[in-house]
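Rule-based calculations on the coordinates, nothing more; no lab input. Quick caveat, the model's predicted, so the values are computed rather than measured. Quick reminder, even Gly has a Cβ in these numbers, built from the backbone with ideal geometry, and neighbours come from all protein chains shown.
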Amino acid sequence: MRISSLGEFGLIEKIRKSSECSSPAVVLGIGDDAAVMKMAASSLLLATTDLLIEHVHFDLAFTDFPSLGWKSAAVNLSDIAAMGGIPRFCLSSIAIPSGISLEAVSGFYRGFSSLLRFHNTILVGGDTSSSKNGFVVSVTVLGESKKENVISRSGAKQGDRVFVTGTLGDSGAGLEILKSGHLGRGADIKNLIKRHIRPVPRIEWGRQIALAKCASSMIDISDGLSSDLSHICDASGVGAVLFSDKIPLSKSLIKTAKQLDENPLHYALSSGEDYELLFTVPSARMKTLESLRIPVTEIGKITKESNLHLVSATGRKTVLKPTGYNHFKGSMDRKKG
Ligand code: ADP
Ligand code: MG
């Protein structure tokens, strides 16, 4: 069905219905000039937004619409996770080119709403437009946290230990597979592709880390380990050393990297969109971290000097340049998936 047969307001009504979800916190949701929500007096408001542009951030040849909707929600929820917050409300703005069907947009909101619902996050507004050039999505998530639980990028101190949740590099390898299009459809390939097109925001883990107050700084891995660790270091005025043999890699990545004729570490260090949490822990807080039930790996240490180093399994120490996605910088430039 063509979107033109519904028109802008018919489409908005469809979006409203597909993501309907009531909450006493929402005084006025979709349908007025602005949404109105109640916030607890003791909470701080967290706000984050992300743009997803066709041909820059995604390629419709590599993703289905429900997955694109899921990912649009996931990348924003992940930013709330990285602050240790609870996501509450969401706004979505979409610009739709003429070739996109109503079924495609409905699929987008099916995927989008399924992840929001899982995290009790309510769609309260947005904007809808036609587009002359590609599908464009902008999502804003509002969350909350108590002041004492907010974790910024700037609290890392010399001697803190560096941790990461889950495994790294899967999403980057998944994108490479999609681009190359010739590695078949085995279970490992499917795992990696899934991690690229349906990333899982670590809301629950971020929340546990925040409530336990064991992290001195935290960030989500959207640009790549080396790049995101350098963001923590820059914000905290410190450096870091990473131990290459400690970086957690999935079995699927190790097997598939061989087929791609690439070192799996390359994906873990330089490719982004894993949406795992990278955080630092003072030694005195280690017992608290160990008491949490989260899959974490210690991968390095915060140092006084202001750059990054990588130490190999044999003890060889080299300077690690932050590489990852950077929209305007030639040397780091690569296209996202
Ligand atoms: P306005 O003229 O004030 O921009 P709109 O007609 O664009 O209002 O939108 C009507 C209502 O629908 C508003 O509450 C707006 O927040 C909501 N809305 C519009 N597009 C979307 C969308 N893509 N997702 C969620 N809510 C939307
Ligand atoms: Mg509008």
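Worth pointing out:
- Equivalent ellipsoid semi-axes - Cα gyration tensor, the range 147-220, angstrom: 33, 13, 9
- Of Ser250, Ser42, Ser72, the one that fluctuates the most in a GNM where the chain has Cα springs shorter than 10 Å: Ser42
- Sparse-neighbourhood loop sites, trypsin sites (Lys or Arg not before Pro) in the range 161-221 - DSSP loop, at most 12 other Cβ within 10 angstrom: Arg185
- The Cα-based radius of gyration and maximum Cα-Cα distance (Dmax) for the range 180-337 are 16.3, 49 Å.
- The packing ranking, built from the mean of other Cβ atoms within 10 Å per residue, places the peptides 47-54, 312-319, 87-94 in the order 87-94, 47-54, 312-319, highest first.
- Cα-derived Rg to Rh of the range 126-265, Kirkwood definition: 1.02
- Using 0.36 nm per residue and subtracting the Cα-Cα separation, the extra length available between Ser101 and Ser129 on full extension is 8.7 nm.
- Ala235 versus Lys287: modelled label distance in nm, points set 7 Å from Cα along the beta carbon direction: 2.9
- Quick note on the chain: its Rg to Rh ratio, both from C-alpha atoms and Rh being the Kirkwood radius, is 0.98.
- Sorted by Cβ density within 10 Å, fewest first, the residues Arg153, Arg293: Arg293, Arg153
- Once the chain from Ala40 to Ala187 is taken as fully extended at 0.36 nm per residue, the excess over their C-alpha distance is 48.4 nm.
- Förster-model FRET efficiency, 41 Å R0, Lys304 and Asp59, C-beta, rounded to 0.05: 0.45
- Shape call, the range 41-195: gyration tensor on alpha carbons, a/c limit 1.5: oblate
- Candidate aspartates and glutamates for bridging to Lys132, where Cα separation is under 20 Å - those fewer than 8 sequence places away on the same chain excluded: Glu8, Glu54, Asp59, Glu103
- Using the Cβ of Gly111 as centre and a radius below 14 Å, the other residues enclosed give a net charge of +3, where K and R count +1 and D and E count -1.
- Total formal charge among the other residues, if their Cβ is under 15 angstrom from that of Val141, Lys/Arg +1 and Asp/Glu -1: +1
- Cut-off 14 Å between beta-carbons: net charge of the residues surrounding Val281, Lys and Arg +1, Asp and Glu -1: +3
- Set of aspartates and glutamates with alpha-carbon distance to Lys255 below 13 Å, sequence-local pairs under 8 removed: Asp170, Asp188
- With a Förster radius of 51 Å applied to the beta-carbon distance between Ala313 and Glu148, the computed FRET efficiency rounds to 0.80.
- Working note: Cα gyration tensor of the range 1-78, eigenvalues times five, square-rooted, sorted largest first, giving semi-axes of 27, 21, 11 Å.
- Rounded tilt (10° steps) of 102-118 against the dominant C-alpha axis of the chain: 50
- Only helices enter the 222 nm calculation for the chain: every DSSP H run of n ≥ 4 contributes -39,500 (n - 2.57), and dividing by all residues gives -10000 deg cm²/dmol, rounded to 500.
- Residues His119, His55, His196, His182 arranged by fewest to most Cβ contacts within 10 Å: His182, His55, His119, His196
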